[in-house]
Amino acid sequence: MRVTLDGPDGWARGWISKGQRAPLQLRHQQGGGGVLVWAGIIKDELVGSFRVEDGVKLNSQTYCQFLEDNFFKQWYRKKMVSFKKSMIFMQDNAPSHASNYSTADIGLPGENKQLTVCGSETGLAVTMTEEVNAVELKKTGVENNGFVADQGNDEHSMSGSRKSSKTEDQIYTIKLDSCEDPLPLKPYAGMPKEVLLQFSNKACYKVTREILFWLIIIATLAIIAATITIIALSPKCLDWWQRSPIYQVYPKSFRDSDNDGSGDLKGVQEKIDHFVYLDVSTVWVAPFYKSTLKDYRYAVDDFRSVDPTFGTMSDFEDLLAALHDKGIKLIIDLIPNHTSNKHNWFQLSRNRTEKYIDYYIWHDCEFTGGQVTPPNNWVSVYGDSAWDYDEVRKQCYLHQFKKEQPDLNFHNPDVDKEILDIIKFWLEKGVDGLQSMLLSSSWKQNTSEMSLRSTNYKIRTVLSYGDLYHDYTTTQVGMHDILRDFRQTMNTYSREPGRYRFMGTESDDQKTVAKTMMYYGNAFIQEADFPLNFYLFDLKKDLTGKSVFDVVDLWMKSMPKGKWPHWMVGSPSNSRVASRVGTEYVNVFNMLLLTLPGTPTTYYGEELGMIDNVTLNNDESVSGEHNPTEYAEKTPMQWDTSSNSGFSGANKTWLPVNKDYEEVNVEVQKTKSNSTLNLYRDIIQLRKEELPLHRGWLCYAWNDANVFAYVREINGMNKVFMMVLNFGATTTTNIKDEIQDLPTQAKIRLSTKSTNNGKTVNMNSINTEKGEGLILEYSTGKPLHSNAAFKDRCFISEKACYSSAFDLLYKNC
């Protein structure tokens, strides 16, 4: 940018402007007995001035000193500009030493520029510079007679042109032309390093920078400390298998997608929206392996193949992907105890092929005249001897179930490795968990190291499995080594966040609960996440509140500290709860399952109240592959009022649909607010929303012949839920008389009779009808678990404390 100076004698005036800012003006004037120097900025505000009295002689050096000591320092104090050196205004004929360059930083508030002034023969030249960019100010052909070096301000010493007036002004105006890259008057984005360093070295920026630096350091340390504290104090989060009920599907009876009369994996995929509607996020699908004798504890022909009646491996992969897309986990069964006699391993073993010779439990036995004399008196689950003679190998093999289901020999490490490889196969497919079924029978005493014969029993007279103590064939110590191998393998696939692989196991030790609890492992060695709890299956028609309490208490008192309980009332091998205890108790049992601590499992159809079809018991005309004693609880799922209840479009289904399907089905019950289906769904929602219900304390409040009542509460939260469940006759219960600290009244959050929802009950007279259940809500500052009288009546698995101030959980209460 190039600008010129012009104007009449008497005044010198200049300004620098940028954008719409008011100009910076420098003026000097002679007259009135001295020299007045002043400056104006933004509407001529006076920012600095001084006066030189008559008789004072000024040369260029003393003039500069006056400027520096008076004008510029005043200007600096007003924070308009800061100067490194003084600026020199001079005549063209000033002494030569006055022609030296002198610099100053000039700018509007917050801006800096470097200004250089020098004298020359042709006038006054001024240059502003910033790095390689330059602005030149040039005055040509005009004399600055405002001051004369080494000369007073005598009127006779003035030039003729100045005598014409007592005070004459000479004004020099700096006019701005365009500039391709104007110099900045304040910091700007993208400035070069050299310019940035000039700004950064100023005190105002240094102090601000220091303050910000230390604030950031302090804030960072505070965040780290808070994070460590929160992590250290936070309780363990509930995993996916703890947060949601498990919904068990028997695929052959759930949904038929190809109208052949039999359910399949595609049918399960078609009904995923039902799981979403129920708000369950874990589905357990019963075995679908290629197998024979499917309901006789599953004689598997190939652990890596899908039975054609259920579809293909591609169908399974599609089902798994569809479930995961909906945020639902999939659990499948593992059956390590035996294979079918059609399995390739058995065929190789019976032919004494190397490696496979001892894959099964073989023993010499007598075979004369077509009659087999077994090695001992062991009996199979289905009766008769547990040994069968093989014509090819000329030995007997052990089978604890059907003769088509030879037991594997886990004393052979190759067998253990084969099962571990099967586990890896399905985990790599993406399966989220495995239920190890019949594991208690997997480890037997080594028959070569024990006396096989029992002298106390005659072999032919022992025909019932229950007639013997199974000291050598069930729940052996070595069996837990197998389970730990399974767990270790699954843990290697659980390292990815959010992909923990669940492992449950079936226990066959109903009469010895301590043996069942061994499946949890211990504080040092993990085994199953929980063993399946079949104890509620023992409840029959003679139901009472006390009998339900006894079953619940048995598990809670026997369970190792800190472990997670499990509850179920139905399965593919057990009568449905509606038929076992009565349809009037279906809702109250669902309320029990979903409000106890732990993970409940719901067998398909129990959310509707489906019953057994008892006319099918022992009907062997259906199929030789299935156990006719289990047909009653495996009738097709009842979806709607159409033919075959929406299960299949075939003319005939593999089992007939229950006759009550027109009323007991998903479609009808969705429309009724007081239906079993919607109550089941409402309880799940409440369980999900209320912290005490899914991880709080369980405290027994009452039990008698009719009512079982218990409390769910959590440390730090005044909200408490009490379940009052009637398993007997209509009655009135005075719980406040038993627990004095209870409030006088409570609100009914949910009832098995929807008309009672939202009502208030008196705690000294709670009325319940037969099969009725209430979920009461009240507030108290005196939780039962802190009451010394309830010390042995309260239990918790994953302890947590609630902070209402921060709305979070912590573990050190």
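The values are calculated or read from the model by the stated rules, or taken from the named source; none is laboratory data. Everything quoted here is computed from the prediction, not taken from an experiment. Ideal geometry is used to build each Cβ from the backbone, glycine not excepted, and the neighbour counts take in all protein chains shown. Just so you know, the surface numbers come from the protein's heavy atoms only, side chains and all, with ligands and any DNA or RNA stripped out. Shrake-Rupley method; radii C 1.70, N 1.55, O 1.52, S 1.80 Å.
Distance between the 7 Å Cα→Cβ label points at Asn491 and Lys561: 2.2 nm.
Spatially close Lys pairs in segment 625-740, defined by Cα atoms under 21 Å apart and a spacing of eight or more places or different chains, total 7. Over all other residues within a Cβ to Cβ distance under 13 Å of Asp553, the charged ones net out to +1, with Lys and Arg as +1 and Asp and Glu as -1. Counting only protein heavy atoms and using a 1.4 Å probe, the accessible area of Asp358 comes to about 80 Å².
Loop-located GluC sites (Glu not before Pro) across segment 633-665 with a Cβ neighbour count of 14 or fewer within 10 Å are Glu663, with loop assigned by DSSP. Other residues with beta-carbon under 13 Å from the beta-carbon of Asn574 carry, at +1 per Lys or Arg and -1 per Asp or Glu, a net charge of -3. Taking a 18 Å limit on the Cα-Cα distance, which of the listed pairs Lys271/Lys424; Lys342/Lys403; Lys355/Lys417; Lys402/Lys424; Lys540/Lys563; Lys355/Lys424 fall beyond it? With Cα atoms farther than 18 Å apart: Lys271/Lys424; Lys402/Lys424; Lys540/Lys563; Lys355/Lys424. Other residues whose C-beta falls under 12 angstrom from the C-beta of Ala729 contribute a net charge of -3, scoring Lys and Arg +1 and Asp and Glu -1. Straightening the chain between Thr641 and Ile357 buys 96.7 nm, computed as 0.36 nm per residue apart minus the Cα-Cα spacing.
For trypsin sites (Lys or Arg not before Pro), the sites in segment 316-382 that DSSP calls loop and that have at most 16 other Cβ atoms within 10 Å are Lys326, Lys342, Arg352, Lys355.
In a simple Cβ point-charge model (Lys, Arg +1; Asp, Glu -1; nothing else charged), segment 492-631 has a dipole of about 680 debye relative to its Cα centre.
Counting only Cβ charges, +1 for Lys and Arg and -1 for Asp and Glu, the dipole size of segment 250-293 around its Cα centre is about 180 debye. Charge dipole (Cα centre; +1 on Lys/Arg Cβ, -1 on Asp/Glu Cβ; no other charges) of segment 277-396 amounts to roughly 180 debye. Shape analysis of segment 218-298 based on the Cα gyration tensor places the equivalent ellipsoid semi-axes at 46, 15, 10 Å, largest first.
Take 364-372, 740-748, 526-534 and order them by the average number of nearby Cβ atoms within 10 Å per residue, most first; the result is 526-534, 740-748, 364-372. Peptide packing: for 302-311, 398-407, the average count of neighbouring Cβ atoms within 10 Å per residue gives the ranking 398-407, 302-311, highest mean first.
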